[in-house]
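Beneath this line is the structure, given in structure tokens, with notes to follow.
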Amino acid sequence: MMCDPASHFYEHLYAVNPTDGSMFTVKISCKRMQIVARRGAGHIHEMAYVLPEVLTKPKAIFAGLRRDEDEPKTDDDYGCLCYVGKPSRAFMSNGQQIEPWHDQVFLVFVNDKNVVYNWRWEKADTVNLDMPREYNKRFRKKAL
């Protein structure tokens with residue numbers, strides 16, 4: 001991923017459309033990419049490899065976040081999506097590729113404007129290791 005000035009300050013990524021399972025595009029701001037890049041090689045690799053993998057091969061997509069510290073504060077949060085995945089790889093802070101953590105899932109948050117605004121590793125649910133902890137309480141509905 002590289003920020004192209006002609007892209008109107010966004011990089012476009014493919015993602016599964018929760019409505020019908022087809023592919024559509026979401027975007028990530030170049031400013032966000034630059035901020036993440038300053039955190040180091042591990043974050044750069046995560047953004048380049050893990051993020052697109054989860055967007056295109058999610059285990060689930062949830063709509064309507066009930067609670068999340070990075071959730072935009074709006075009256076109607078049904079437009080916000082959370083892609084949940086078990087990626088094929090993870091990265092150490094120095095950029096070294098490693099096996100993904102068996103007890104964690106990777107979450108990608110997309111707002112109602114199809115902008116990826118956050119992503120992170122989280123502990124998996126104790127019963128269903130493909131889902132985040134307490135997923136049945138965190139989200140309003142499973143979209144896919």
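When the residues of region 75-101 are filtered to those that are at pLDDT 95 or above and among the charged types (D, E, K, R), the one that is farthest from Pro52 (Cα to Cα) is Glu99. Within region 16-40, can you find the residues that are open to solvent by 20 Å² or more (accessible area, probe 1.4 Å) and assigned to a strand (DSSP E or B)? Met23, Phe24, Thr25, Lys27, Ser29 - these are the residues of region 16-40 that are open to solvent by 20 Å² or more (accessible area, probe 1.4 Å) and assigned to a strand (DSSP E or B).
Scanning region 37-49 turns up no residue that is among the β-branched types (Val, Ile, Thr), under 21 Å from Ala143 (Cβ atoms) and touching a residue at least 40 places away in the same chain (Cβ under 8 Å). When Lys57 is tested against (1) open to solvent by 40 Å² or more (accessible area, probe 1.4 Å); (2) within 13 Å of the chain's Cα centre (by Cα); (3) at pLDDT below 95, only condition (3) is not met.
The values are calculated or read from the model by the stated rules, or taken from the named source; none is laboratory data. Here the structure is a predicted model, which means the values were calculated and not measured. Note: ideal-geometry Cβ built from the backbone for every residue, glycine included; neighbour counts use all protein chains shown. With ligands, DNA and RNA removed, areas are computed over all heavy atoms of the protein, side chains included. Shrake-Rupley method; radii C 1.70, N 1.55, O 1.52, S 1.80 Å.
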